[in-house]
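Worksheet: one structure, shown below.
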């Protein structure tokens, strides 16, 4: 155990037990003191219970915003009172060709309890289209270079009724490698190529149905990324764009967002788009698991029993069964906002709601940041969180969950808790396997990887075929995942993964490993000094920080 | 019987299978092979196979068919899919009649890999840059010599091997 030192700025309290007020920057910020309970954090499919050093700042998610009582009514209101454009009914006429594009399975995380909000919206849309004599309707999953969704996943997302009526001829996945399925719309003045799904382009109206889980989603990204191809995507999914995004969760300071908007302007000048965006609250867990979002100091006896029962059950289960269990617990998200109309106008409103739900004000950066890595990322729904995805969670998403300044000081230590197992899903991530085993031993330099190998993987006929006919991520996708962690990699001085079951995976990622969180913190101290400021981001659900 | 022989060895399968051609005239077999392609083989080509060949061509990759089937049965297929080169087996004929044996070298298992090495050397190709596709465990040597092997709708043993080697497994149906 590291010696528990109390930083000067934290007032020392008398060692009395029981509920006492703690120093708080915001309601969600708690400082560990000598009476604090151990904290619960994810380590893949396991739950760790760890004592943190006194003075550690634990940042909790905000409580869920109140869900709208009648989501259907909110959607109808949005369609009839759109922002910056005519109501949807006024844009419809008999005989027109309409395409509805929906976000894919990467949103929300984990998949939400049924009916998914996309089902609610698409059912209303189809009624409206039918009432206006529009029968040439296709529904496209805007999966970009993500894996195709399976039939059962698509049925779950939009419901049996729509699935039976439209799948597979009129409800299908976008195919970025269909030689006849893409249309070149032009180039930006920065030479960025804009290629978009042919059916969407050739429709009289494209209706996009979005779920804005995090602030980097939505807006022009929906169509410009969701329905594009490799050539278009590589314009902004590249190391320099990511390095210049500070962070990519803050659209105003994101080069990624800037480029997407540039390309989106070309899309908008060529297509008629009616954008529907939604924001969900962060009610990730139902009553059985809701203790995971609570301050451990406030645990009731029931919460403690639930925690111990869950940990005991997990300890008896093989990893595959644990994974299946977690992936089958749907999130209890509720709709908190729905807006429709012109892309940017709608997006601005929804982004505000995202920030309202996720942003926690904190004072000052930390020398050490601790994050528990859960079992899921946007890229492994119903699959394994492989080493590259652990990397993207740590250096990509968690590092970028800020506005203003990163939570971690430049050169600080990021501690992740995850087993880092060397496991990959052959069906979903075949190109990741080659990337990890063949390329990373040669170099971790994102620029070299992009220049030397990205096109080779992107053009690999096996990977293309597995993307088109199977359920594999595109051959270029592991590169994008590596670039996704690029600004984190440039900022973080050291990454230590606590609880890694092997040494070679962390080594391949350029990380150190430790047997336990305690050991990891001790190692981190040797890097940043004996009296570091330590913060822990207590997710899931998602929490982002506004650092003063 | 064929399945058992193939499971044991592709060479044994060839010995057993091609014995059935014994005594058939060459012109009759050639005539029947066109019918075989039109009525049986053409419909059995998975849709993904067309896509795979088409995509490879667009990427500028040379198409080479390496097969243990006999020449007159694969020629219509080669024309249909537009392969650039091929190597296959040839039945032995004496006085215009099939003997039921194959002319050496018999293309099976390791011979395919050996032919590919020679071909690559002659054509100045780097096998590390080449792709190979097969559905059968008997083609393991052939898959092992290229840089980008893939199992296509594989049999049980090849699927397991592909999983162990982390090779892509394609479903072209």
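The values are calculated or read from the model by the stated rules, or taken from the named source; none is laboratory data. Source: prediction; values computed, not measured. Cβ: placed from backbone, ideal geometry, glycine included. Neighbour counts: every protein chain shown.
Structure values in brief
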quantity: Residue match in region B:42-52 (condition: at pLDDT 90 or above and in contact with a helix residue (DSSP H, G or I) (Cβ under 6 Å, 6 or more places away or on another chain)); calculated: yes
quantity: Counted residues, region A:245-273 - those being assigned to a helix (DSSP H, G or I) and over 20 Å from residue A:393 (Cβ atoms); calculated: 18
quantity: Number of the exception - residue A:154 against (1) surrounded by fewer than 20 Cβ atoms within 10 Å (Cβ to Cβ); (2) more than 14 Å from chain B (Cβ to nearest Cβ); (3) without any contact (Cβ under 8 Å) to a residue 24 or more places away in the chain; calculated: (1)
quantity: Test: residue in region B:17-34 that is within 14 Å of another protein chain (Cβ to nearest Cβ) and touching a helix residue (DSSP H, G or I) at 6+ places or on another chain (Cβ under 7 Å); calculated: no
quantity: Residues of region B:133-145 satisfying the condition of being more than 11 Å from every other protein chain (Cβ to nearest Cβ) and either in contact with a strand residue (DSSP E or B) (Cβ under 7 Å, 6 or more places away or on another chain) or within 16 Å of residue B:9 (Cβ to Cβ) (or both); calculated: B:134, B:135, B:136, B:137, B:138, B:139, B:140, B:141, B:142, B:143
quantity: Any hit, region B:105-120, residues being within 14 Å of chain A (Cβ to nearest Cβ) and either within 18 Å of residue B:150 (Cβ to Cβ) or outside any strand (DSSP E or B) (or both); calculated: no
quantity: Subset of region B:146-161 that is more than 8 Å from every other protein chain (Cβ to nearest Cβ) and closer than 21 Å to residue A:473 by Cα - its residue that is surrounded by the most Cβ atoms within 10 Å (Cβ to Cβ); calculated: B:151
quantity: Selected residue (criterion: nearest to the other protein chains (Cβ to nearest Cβ)) from residues of region B:55-103 that are over 18 Å from the mean Cα position of the chain (by Cα) and assigned to a helix (DSSP H, G or I); calculated: B:55
quantity: Matching residues, region B:52-64, being in contact with a strand residue (DSSP E or B) (Cβ under 8 Å, 6 or more places away or on another chain) and either surrounded by fewer than 16 Cβ atoms within 10 Å (Cβ to Cβ) or over 23 Å from residue B:142 (Cα atoms) (or both); calculated: B:62, B:63
quantity: Which numbered condition residue A:472 misses (of (1) more than 11 Å from chain B (Cβ to nearest Cβ); (2) buried (at least 21 other Cβ atoms within 10 Å of the Cβ)); calculated: (1)
quantity: For residue A:282: the one exception among (1) modelled with pLDDT of 95 or more; (2) part of a loop (DSSP other than H, G, I, E, B); (3) surrounded by fewer than 21 Cβ atoms within 10 Å (Cβ to Cβ); calculated: (3)
quantity: Checking residue A:466 against (1) in contact (Cβ under 8 Å) with a residue 40 or more places away in the chain; (2) part of a helix (DSSP H, G or I); (3) within 14 Å of chain B (Cβ to nearest Cβ), the condition it does not meet; calculated: (1)
quantity: Residue within region A:400-417 that is in a helix (DSSP H, G or I), at pLDDT 95 or above and away from chain B (no Cβ under 14 Å) present; calculated: yes
quantity: For residue B:120: the one exception among (1) at pLDDT below 95; (2) closer than 19 Å to residue A:462 by Cβ; calculated: (1)
quantity: Looking only at region A:495-526, and only at residues there that are more than 23 Å from the chain's Cα centre (by Cα) and assigned to a strand (DSSP E or B), the one that is surrounded by the most Cβ atoms within 10 Å (Cβ to Cβ); calculated: A:513
quantity: Number of the exception - residue A:429 against (1) surrounded by fewer than 24 Cβ atoms within 10 Å (Cβ to Cβ); (2) within 14 Å of another protein chain (Cβ to nearest Cβ); calculated: (1)
quantity: From A:242, A:276, residue being assigned to a strand (DSSP E or B) and under 20 Å from the mean Cα position of the chain (by Cα); calculated: A:276
quantity: Any hit, region A:192-199, residues being in a loop (DSSP other than H, G, I, E, B) and closer than 24 Å to residue A:464 by Cβ; calculated: yes
quantity: Evaluation of residue A:482 against (1) within 14 Å of another protein chain (Cβ to nearest Cβ); (2) under 20 Å from the mean Cα position of the chain (by Cα) (one fails), failing number; calculated: (1)
quantity: Residues of region A:131-174 that turn out to be out of contact with any helix residue (DSSP H, G or I) (no Cβ under 6 Å at 6 or more places or on another chain) and assigned to a strand (DSSP E or B), as a count; calculated: 6
quantity: Looking only at region B:35-51, and only at residues there that are outside any loop (DSSP other than H, G, I, E, B) and within 14 Å of another protein chain (Cβ to nearest Cβ), the one that is surrounded by the fewest Cβ atoms within 10 Å (Cβ to Cβ); calculated: B:47
quantity: Tally, over region A:94-127, of residues that are without any contact (Cβ under 8 Å) to a residue 60 or more places away in the chain and either at positive phi or out of contact with any helix residue (DSSP H, G or I) (no Cβ under 6 Å at 6 or more places or on another chain) (or both); calculated: 6
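Condition check ((1) in contact with a helix residue (DSSP H, G or I) (Cβ under 6 Å, 6 or more places away or on another chain); (2) more than 12 Å from chain B (Cβ to nearest Cβ); (3) in a helix (DSSP H, G or I)) across all residues:
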{"residue": "A:419", "(1), (2), (3)": "no, yes, no"}
{"residue": "A:433", "(1), (2), (3)": "no, no, yes"}
{"residue": "A:437", "(1), (2), (3)": "no, no, yes"}
{"residue": "A:441", "(1), (2), (3)": "no, yes, no"}
{"residue": "A:457", "(1), (2), (3)": "yes, no, yes"}
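Residues checked against (1) exposed (fewer than 13 other Cβ atoms within 10 Å of the Cβ); (2) within 27 Å of residue A:234 (Cβ to Cβ); (3) more than 14 Å from chain B (Cβ to nearest Cβ); (4) at pLDDT 95 or above:
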site	(1), (2), (3), (4)
A:140	no, yes, yes, yes
A:144	no, yes, yes, yes
A:160	yes, no, yes, yes
A:163	no, no, yes, yes
